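A.B. asks: So that we are looking at the same thing, I have put the structure below in structure tokens.
The values are calculated or read from the model by the stated rules, or taken from the named source; none is laboratory data. The structure displayed is predicted, hence computed values, not measured ones. Here Cβ is always computed from backbone atoms with ideal geometry, including for glycine, and neighbour counts include all displayed protein chains. These accessible areas exclude ligands, DNA and RNA; they are computed on the full protein's heavy atoms, side chains included. Shrake-Rupley method; radii C 1.70, N 1.55, O 1.52, S 1.80 Å.
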There are 4 protein chains.
Amino acid sequence: MAHKQYPELIQALHDCAAECNHCFDACLQEEDVKMMVDCIRLNRECAEICASLEHALTRNSPFIAELAAVCAKICEACGDECTKHAEHHEHCKRCAEACRKCAEACRSIA
Amino acid sequence: MAHKQYPELIQALHDCAAECNHCFDACLQEEDVKMMVDCIRLNRECAEICASLEHALTRNSPFIAELAAVCAKICEACGDECTKHAEHHEHCKRCAEACRKCAEACRSIA
Amino acid sequence: MAHKQYPELIQALHDCAAECNHCFDACLQEEDVKMMVDCIRLNRECAEICASLEHALTRNSPFIAELAAVCAKICEACGDECTKHAEHHEHCKRCAEACRKCAEACRSIA
Amino acid sequence: MAHKQYPELIQALHDCAAECNHCFDACLQEEDVKMMVDCIRLNRECAEICASLEHALTRNSPFIAELAAVCAKICEACGDECTKHAEHHEHCKRCAEACRKCAEACRSIA
């Protein structure tokens, strides 16, 4: 079953969804929220696909390779955006790192 | 914005998710549930990706083409399985038809 | 089955989720995004519970009354926030109206 | 922020959603699937509310108490059903235990 085959991917997805949601929340509280609008949008996109794929894996979905390919792409986009703000915002730095790890884990099964 | 460009796709996704959820519920109530296990599994897969894509469209996600390609594939798989039972179960017949329309609509933007 | 009993609630949930997602997208594009942060946050909350309840209804979930009570509360909070911006932003005005209708529909079964 | 206040609840929700999804998958593969239909249905209900609440917590949602109250109730219902099959199916036994822990964790903040 998928969840026994991919424990590291499941952990990476879980961590990435959590960091994206933290970053979403923290960006909305930043003084310079105008600068963070792309980050806010991508945080939501990334949290949703990571959560979808994580649950697909745990229910042994037949479509994990296809979902992982999309997830890798969204994680990369979110990670790239967060990287732009990593110097000023610790939450973006952590999120960028989680996105990078998750994109890599997704590509390994896509 | 995506939701103004794709009203027909949004409707097709909404209808397909609803039919898949009805079919899931109805399959679980069938006497011959053993025959319906693939249908039950695919109904859930299909309802989830259709719902995800519908919401991605309405929030103007940058990733609708990628999600639509996956959605088309899952709709086809669910529609194929439902077609096997369409003669005996009205809910599978309706679901197969909704899946076929939705797969087609997804392919048009994938 | 729930989806035959509650067609109006399903429509209200669908409309509310869509308007909340449109409003989320539009708020992120506003010049005065700083003023819209509570709206952005509540739009996401409201879209997610409305989508969850809509799907629960279509799959004949045993927990619709409980979910509807929470959904009514979240719709009210989102509608109240959107109402503050309804004079300046058409998307907030439309969202506030969809939230009000949906909250009312939810309360009727909660 | 909620995710720093409630690390144990987040873990309990994550574990419960995963066990419910495993149990859903495993029940569909059981020879006596007819006996498992209530379990299959409740596994899906429980996985969805646990995932929703987990993500609400990580994005610092203002509605976690309300969602936790519903989640506790659904976890209890799923755990009760799984308990009936715990003697014969290891996946139900594990799921029942995860549901029990999660219901308790939810009640502590509801």
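A.B. asks: Quick one: B:Ala86 ticks every box in (1) part of a helix (DSSP H, G or I); (2) of a type in the set (Gly, Ala, Ser); (3) open to solvent by 10 Å² or more (accessible area, probe 1.4 Å) bar one, so which box is it?
C.D. replies: The failed condition is (1).
A.B. asks: Going through C:Ile64, C:Ile10, C:Ile49 one at a time, which residue ends up being under 30 Å from D:Cys39 (Cβ atoms), at pLDDT 95 or above and within 11 Å of the chain's Cα centre (by Cα)?
C.D. replies: Among C:Ile64, C:Ile10, C:Ile49, only C:Ile49 is under 30 Å from D:Cys39 (Cβ atoms), at pLDDT 95 or above and within 11 Å of the chain's Cα centre (by Cα).
A.B. asks: Determine if region C:89-102 includes at least one residue that is free of Cβ contacts under 8 Å to residues at least 24 places away in the same chain, within 14 Å of chain B (Cβ to nearest Cβ) and open to solvent by 10 Å² or more (accessible area, probe 1.4 Å).
C.D. replies: yes
A.B. asks: Continuing with the same structure: Being more than 8 Å from every other protein chain (Cβ to nearest Cβ) and either open to solvent by 60 Å² or more (accessible area, probe 1.4 Å) or not in a helix (DSSP H, G or I) (or both) is the filter here; which residues of region C:1-20 pass it?
C.D. replies: If the condition is that a residue be more than 8 Å from every other protein chain (Cβ to nearest Cβ) and either open to solvent by 60 Å² or more (accessible area, probe 1.4 Å) or not in a helix (DSSP H, G or I) (or both), then C:Lys4, C:Gln5, C:Tyr6, C:Pro7, C:Glu8, C:Gln11, C:Asp15 are the ones that fit.
A.B. asks: Here's a follow-up. Taking region B:21-36 as the region of interest, how many residues are within 24 Å of A:Ala51 (Cα to Cα) and either of a type in the set (S, T, N, Q) or away from chain C (no Cβ under 14 Å) (or both)?
C.D. replies: Final tally of qualifying residues: 1.
A.B. asks: Just name the residue that is farthest from A:Ala98 (Cα to Cα) out of those in region A:27-51 that are part of a helix (DSSP H, G or I) and open to solvent by 40 Å² or more (accessible area, probe 1.4 Å).
C.D. replies: Among them, the one singled out is A:Lys34.
A.B. asks: Output the number of the condition that D:Gln29 fails; it satisfies all remaining conditions of (1) more than 15 Å from D:Cys106 (Cα to Cα); (2) of a type outside the set (Ser, Thr, Tyr); (3) touching a residue at least 60 places away in the same chain (Cβ under 8 Å).
C.D. replies: Result: D:Gln29 fails condition (3) only.
A.B. asks: Name the residues in region C:56-82 that are within 14 Å of chain B (Cβ to nearest Cβ), open to solvent by 10 Å² or more (accessible area, probe 1.4 Å) and closer than 14 Å to C:Ala105 by Cβ, would you?
C.D. replies: Result: C:Ile64, single match.
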